[in-house]
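Reviewing the structure listed below.
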Amino acid sequence: MTDSADKTEHHGVGHRARLRKRLLEKNGDSLHDHELIEYLLALAIPRRDTKQIAKVLIHRYGSLAALLTADADSILQEKWMGETSVTALKIVQVAALRLLSEPVRELPILSSWQSLLDYLRADMAHLTIERVRTLYLNSKNMLIRDEVASEGSIDEAAIYTREVIRRAMDLGAAAIILVHNHPSGDSAPSRQDIAMTRNIADAGKKFGIAVHDHIVIGKNGFNSMRSSGLL
């Protein structure tokens, strides 16, 4: 699908100029979520009034965060949305995640815990399928590698103890942090989550690899198994 552009001047031209002024003069603080999307799409399809498109997208996906993290193929199915428009949304997502991940990449994980949680929630809270990722740390708790271990269905993604420990050994990791999301929105770990985490922790001890935590991400928050006394 390609972006459609009406070459005639539309009624949103003056409105767009006012949005630009509010963005530049007030750092965007006064802009609503749909107005941010409206102006972003205006850069991709400048000859179309994007106000209604933005409102429909925010309504359809439920929030700005959910829209930006939605699957690109899903957004492409929306009326008026082509590759250029979807790319505009996705570049904002990538830039935001890179900004949030900078402290995680540059500082010891355990001393930048809130930054880690902010990054993980931005990346995973609104996913519609389960994703499991593993953070591998060195002896100073600096991040060596952040890897997606698996992606699954709406309520399940596989993770295997042997593969996690083997990968940690290959990377020379001293510790790991497990992370996965619950698309249902409920961040409470299941019995299966707890059992799997304890299996990995027990296996890691044999090789001097610590499991610092297993974080479960939901739309409305997160759950730390370590803080909950489950690990």
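Cβ separations smaller than 6 Å between residues 6+ apart or across chains give the following pairs from segment 172-186 residues that are in contact (Cβ under 8 Å) with a residue 60 or more places away in the chain to residues that are of a type outside the set (Lys, Arg): Ile177/Leu135; Ile177/His212; Ile177/Asp213.
Val132 meets each of the listed conditions (1) touching a His at 6+ places or on another chain (Cβ under 8 Å); (2) of a type outside the set (D, E, K, R); (3) surrounded by fewer than 19 Cβ atoms within 10 Å (Cβ to Cβ) apart from (3).
Taking segment 14-32 as the range and being within 16 Å of Lys51 (Cα to Cα), assigned to a helix (DSSP H, G or I) and open to solvent by 70 Å² or more (accessible area, probe 1.4 Å) as the test, the residues that pass are Arg18, Arg20.
Any chance segment 37-50 includes a residue that's among the aromatic types (Phe, Trp, Tyr), in contact (Cβ under 8 Å) with a residue 60 or more places away in the chain and more than 27 Å from Ala175 (Cα to Cα)? So far as segment 37-50 goes, no, none of its residues is among the aromatic types (Phe, Trp, Tyr), in contact (Cβ under 8 Å) with a residue 60 or more places away in the chain and more than 27 Å from Ala175 (Cα to Cα). For segment 79-88, the condition holds for no residue, the condition being that it is touching a residue at least 12 places away in the same chain (Cβ under 8 Å), over 19 Å from Arg48 (Cβ atoms) and of a type in the set (A, V, I, L, M, F, W, C). Among the residues of segment 40-81, the one identified as open to solvent by 30 Å² or more (accessible area, probe 1.4 Å), at pLDDT 90 or above, touching a Lys or Arg at 6+ places or on another chain (Cβ under 8 Å) and farther than 21 Å from Pro183 by Cβ is Val56.
Kindly provide the set of residues from segment 183-212 that are under 19 Å from Arg166 (Cβ atoms) and open to solvent by less than 30 Å² (accessible area, probe 1.4 Å), ordered by number.
Matches in segment 183-212: Thr197, Ile200, Ala201, Ala203, Gly204, Ile209, Val211.
The values are calculated or read from the model by the stated rules, or taken from the named source; none is laboratory data. Note that the structure is predicted; figures quoted are calculated from it, not measured. Neighbour counts run over all protein chains shown; Cβ positions are idealised from the backbone, glycine included. We work out accessible area using only protein heavy atoms, side chains counted, and drop any ligands, DNA or RNA first. Shrake-Rupley method; radii C 1.70, N 1.55, O 1.52, S 1.80 Å.
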